[in-house]
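As structure tokens, the structure follows; a few thoughts come after it.
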Amino acid sequence: MIENLKEFCRLFYASTFIPVSVCKTPGNVLYSYPTVFEGLHDTHSSLPSLLHFEKNPDYVIMQSFSYFGYVAREGHDEFIVIGPVFSVPVTESTVRMFMKECTISMQYKDFITNFLTNTPLISFNQFMQILAYLDFCLNNRVTDPEQHFRLTDIPSSKDISAMHSANVYEAKEGHIYHNTYSFEQQYLECVREGETWRLMKMIEEAKHNLVTGLIGDTPLRNAKNLLIACTTLTTRAAIAGGMDIEQAYQLSDIYIQEGEKMQTVEAVLGLQRTVIYDFTERVAQSKIPQGLSRDIFDCVQFISQHTNELIRVDDVAAFPEKAGPTSHRNSRKNSASISAASLCAVNWRKRKVYSPTPTRL
């Protein structure tokens with residue numbers, strides 16, 4: 001059990017560089033590390049009041065995709081809050097979104113930018129493990145993140161990735177029949193639509209008929225290869241559903257690299273579930289309406305990647321000409337139609353980007 005909580009938090013930050021605060025109530029911060037983080041609470045930020053936790057330990061994910069975690073000391077009135085941390089590199093648009101949702105004045109932009117960019121990147125899976133570690137230190141109990149946060153309710157992508165790879169082996173496994181293409185299309189549609197619970201139901205109905213393909217020399221290598229296949233297809237589906245392209249690829253790289261470090265099949269499969277869950281929820285937060293043309297989709301992506309700049313309709317209309325020499329994109333008529341449609345895209349993106357409501361996975 002931790003007796004000196006202040007010293008524990010100081011050492012925790014010194015060894016991880018993850019911001020940590022000790023509070024008595026969400027709006028009553030006793031102390032923080034780094035100490036400059038206390039300045040964030042003194043900027044009339046609404047951040048403390050936004051963090052609503054329901055169990056111990058718990059977490060919230062903000063609209064800026066910053067993670068905050070919560071661990072309370074049983075029998076005490078203090079609790080620890082860690083964060084904000086991000087799983088992908090912080091951009092200027094991320095900083096603006098974070099400040100918007102926390103109602104922090106723009107005069108503190110340089111301070112917030114410096115603070116967030118110097119905080120280490122932590123994947124969602126690592127973040128869950130850190131919360132379990134803190135719960136063990138403070139309450140002397142072992143918490144299984146998958147069980148505690150109900151991640152086991154998420155469909156295992158062991159089955160999904162098997163369907164992705166089954167085509168390669170159908171010739172060798174001729175006595176087993178797979179409806180691979182149909183299943184894959186349904187799975188990718190769920191990701192594109194951001195429909196986590198529909199995906200869970202589909203997997204529950206199909207799991208007894210799925211067979212794992214062999215694409216590795218050992219069970220561990222096989223699991224890692226399935227993770228790579230799953231992450232790749234999930235990334236593409238998420239982009240099609242409206243997730244920012246650069247953010248999607250960065251997140252994909254982080255998950256694949258983390259999977260390569262794991263030493264057990266169970267750990268890899270747990271990470272696969274997290275991959276699908278994380279991407280699908282991010283799509284739900286940045287959903288693009290169905291039926292948009294490729295040109296309008298590109299415009300939305302362009303706007304999403306330049307939210308920190310002053311963008312005019314003419315800028316968006318000129319974007320297709322800069323993107324490539326394809327004849328239909330260079331036509332005056334098409335550029336004019338993009339100019340008109342871009343107004344709708346700009347308004348839609350602005351409505352989606354700045355929502356102050358935290359989200360739970």
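For residue 85, only one of the following conditions fails: (1) under 24 Å from the mean Cα position of the chain (by Cα); (2) modelled with pLDDT under 90. What is its number?
Residue 85 satisfies every listed condition except (2).
Look through region 194-219, keep the residues that are buried (at least 19 other Cβ atoms within 10 Å of the Cβ) and modelled with pLDDT of 75 or more, and return whichever of them is nearest to residue 240 (Cα to Cα).
Selected residue: 194.
Residues in region 246-278 that are within 15 Å of residue 191 (Cβ to Cβ) and of a type in the set (A, V, I, L, M): how many?
4
Can you work out which of the residues in region 88-115 that are touching a helix residue (DSSP H, G or I) at 6+ places or on another chain (Cβ under 6 Å) and within 25 Å of residue 57 (Cα to Cα) is modelled with the highest pLDDT?
So the residue we want is 88.
Scan region 10-37 and report the pairs whose first residue is in the same structural domain as residue 67 (by TED's automatic domain parsing) and within 21 Å of residue 76 (Cα to Cα) and whose second residue is at pLDDT 90 or above and part of a loop (DSSP other than H, G, I, E, B), with Cβ atoms within less than 9 Å and a gap of 6+ or a chain change.
12/18; 32/19; 33/19
Taking region 72-129, which residues are surrounded by fewer than 21 Cβ atoms within 10 Å (Cβ to Cβ), touching a residue at least 12 places away in the same chain (Cβ under 8 Å) and among the polar types (S, T, N, Q)?
Within region 72-129, 91, 93, 103, 105, 113, 117, 118, 119, 126, 129 meet the criteria.
Taking the options 154, 228, 176, 245, name whichever one is among the aliphatic types (A, V, I, L, M) and at pLDDT 90 or above. First the steps, then the outcome.
On the way: 154 fails: at pLDDT 90 or above; 176 fails: at pLDDT 90 or above; 245 fails: at pLDDT 90 or above.
Residue meeting the stated conditions: 228.
Report, by residue number, each residue of region 138-147 that is surrounded by fewer than 17 Cβ atoms within 10 Å (Cβ to Cβ) and either more than 18 Å from residue 200 (Cβ to Cβ) or modelled with pLDDT of 95 or more (or both).
Passing the criteria: 140, 141, 142, 144.
Evaluate the following for residue 277: is it within 19 Å of residue 232 (Cα to Cα) and at pLDDT 85 or above?
So residue 277 fails the test.
The values are calculated or read from the model by the stated rules, or taken from the named source; none is laboratory data. This one's a predicted model, so the numbers in the text were calculated from it and none came from an experiment. Cβ coordinates were reconstructed from backbone atoms using ideal geometry, including for glycine residues, and neighbour counts include every protein chain displayed.
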